[in-house]
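Below is one structure, written out as C-alpha cells; the observations come after it.
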Amino acid sequence: MSHPVDPTLDPTLRSWVESANRTGADFPIQNLPFGAFRRPGEETSRLGVAIGERVLDLHAAVASGAVAGLAPAIRDALLAPVLNPLLALGHEAWPPVRRAASDLLRADAPTRPDPDMVPDAAGVQMVLPCHVGDFTDFYASIHHATNVGSMFRPDQPLLPNYKHVPIGYHGRASSCVVSGTPVVRPQGQLKDDQQERPGFGPSRLLDYECEVGLVVGAGNPLGSPVPIARAARQIFGYCLVNDWSARDIQKWEYQPLGPFLSKSFATTVAPWIVTAAALAPFRVPAAARSAGDPEPLPYLQDPADQAEGAVDLMLEVWLESAAMRAAGQGPVRLSRAAFRDMYWTPAQLVAHHASNGCNLRPGDLLASGTVSGSAEDARGCLLELTWRGTRPLSLPGGETRRFLEDGDEVVLRGRCERAGAVGIGFGECRGRVTG
C-alpha cells in the first residue's frame, strides 16, 4: 500500500537542537512526540513536543505567532492544557501541527524561536498528556496468554475464544498516573491455598506488566461501530504503559468477572505519545497465525491492516532495587520483546472495542496487555519470568526476585529501528514501589 511522501520523515533532516541529532537519540526531529508539561512555578500545564533533550512549548509557539498557517480550531486546541481538544479534531488536523513543529525545529529553519520557547526537558514537570476518560486493557499477546494459561490450566492454556475475539477488560482511569509517580503497594483480600479463610493485608506478589498504550483520537458516536478499514485513523499515537498487578489479590478475586482491585491501584503512563505518523516507517505485516488458527471474522479483517498494521517496536524492562541504587550499580535489563508479535493488531483492538456501538472518546487509553515473546527472556512480567515465583531471578549484588519488593523501580523503554530510517524512541515509563 503506497502512502503520500511525508517530508517530516525525511531521514536527512537535522535539527538545530543538537541533542536531537545524536546517534540513538529517542527524540530526533523525525519523531516529535506530544506531551504536556508544567513550567516551574506554574499550576496549569501546556502542550509540548519533545526534541532531543528539550521541549518545544506549543502554547508559547502559538501565542507568539512562531507557528503560522494553522486553522483557528487547531490553534485553540494547542493552547489547551492537555491534548484532548486536539485529539477531538480528528486525524486530518494532526499532520499540520506536526509539519509546523518540524519546520520550526529543522536546522535550516529561516528563523529560530526564542530559547525560552524550547526549555530543557529536565527543568519542566511532565504530566499526563491527556485526560484519560476511559481505560481498557487487552490481552493481545498470545505468548503471554499461553504462558499464563499454562500455569493455571496446563491441559488447556488458551480458552476456546482467544483466537476468535480480542479479550479485554475495562480498567480504572482515575488511577492512571504519569511516569515517575510513586506506586504504593496495594492492600486487599488474600488467600493462600492452605488458608481456610481469606485475610486482608498488603500484596506480597506485586508485579509489573510491560504494555503499549493506544491513545484514541476523535472517537465515534454511541451506537456507531468503527469499521476495521478506518480503525487506524482513530489512533492518534502510542505510549508505554505499565499496568501494575497484585497477583495474590488477582488470584482470589478474578473469578467469575475478572480483574478488579488487583489492577485498579495504579497504571503508569509514559509522558510522551509517539504519533502514528512518526511510526509510518516502522509498519510491518501482522504476525502470522499458526496453521489451523481460525480466520478473524469479517469485521476484524482488512487487507491493508494485515499488510502493515503491526508496529516494529522493541520493548525492554529494566529493574533497579534499593540496594542496587545505593551501590550505584544502575538498573539491570530483565526482558526484551517485540510488539510486532501481538496476535491482534492495534486496529483490530479499536474495531472490536467499538463493534457493539461503544463510543470511544478523545483521550481514551487502550492498552495492549502484557507484551511477551516466545523466548524466555522476552516475557513481559515477573509472573512469567519467574514462572509464578518458582524460578527466582538473580540480580547484581546477590539479590533475588520472585515479585517486586519495596524500593524496586521498574523502567520500561521502547525503540523502533529500520534500515533507511532514523530510529526513534518512546522515552521511559518508570515507577518505584513504596510500602
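The values are calculated or read from the model by the stated rules, or taken from the named source; none is laboratory data. Every value quoted in this text rests on a predicted model; they were computed, and no experiment measured them. Neighbour counts run over all protein chains shown; Cβ positions are idealised from the backbone, glycine included. Note: accessible area is taken over every heavy atom of the protein model, side chains too, but ligands, DNA and RNA are not part of it. Shrake-Rupley method; radii C 1.70, N 1.55, O 1.52, S 1.80 Å.
At-a-glance table
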| quantity | calculated |
| --- | --- |
| Residue among A322, A276, A327 that alone is aliphatic (A, V, I, L, M) and loosely packed, with under 15 Cβ neighbours inside 10 Å | A327 |
| Leading residue by the ranking (farthest from A378 (Cα to Cα)) among those in region 174-230 that are among the small types (G, A, S) and assigned to a strand (DSSP E or B) | G199 |
| Residue check for D193: modelled with pLDDT under 95 and either open to solvent by 20 Å² or more (accessible area, probe 1.4 Å) or at negative phi (or both) | yes |
| Filtered residues of region 199-214 (kept if in contact (Cβ under 8 Å) with a residue 12 or more places away in the chain and loosely packed, with under 14 Cβ neighbours inside 10 Å) | F200, G201 |
| Matching residues, region 368-420, being open to solvent by 60 Å² or more (accessible area, probe 1.4 Å), out of contact with any Asp or Glu (no Cβ under 9 Å at 6 or more places or on another chain) and under 26 Å from G168 (Cβ atoms) | R388 |
| Residue pairs meeting the criteria (Cβ under 9 Å; at least 6 apart or on separate chains; first farther than 15 Å from L206 by Cα, in region 255-277; second charged (D, E, K, R) and at pLDDT 95 or above) | A270/E428; A270/R430; P271/E428; W272/D26; T275/R98; A276/R233; A277/R98 |
| Residue tally, condition of a type in the set (A, V, I, L, M) and within 22 Å of V49 (Cβ to Cβ), over region 405-426 | 4 |
| Lone qualifier among A77, A121 - being over 24 Å from R14 (Cα atoms), in contact with a strand residue (DSSP E or B) (Cβ under 9 Å, 6 or more places away or on another chain) and buried (at least 20 other Cβ atoms within 10 Å of the Cβ) | A77 |
| Given (1) out of contact with any Leu (no Cβ under 7 Å at 6 or more places or on another chain); (2) surrounded by fewer than 18 Cβ atoms within 10 Å (Cβ to Cβ), index of the condition T146 fails | (1) |
| Hey, R283 basic (K, R), touching an Asp or Glu at 6+ places or on another chain (Cβ under 9 Å), over 23 Å from P129 (Cβ atoms) and surrounded by fewer than 23 Cβ atoms within 10 Å (Cβ to Cβ) or not | no |
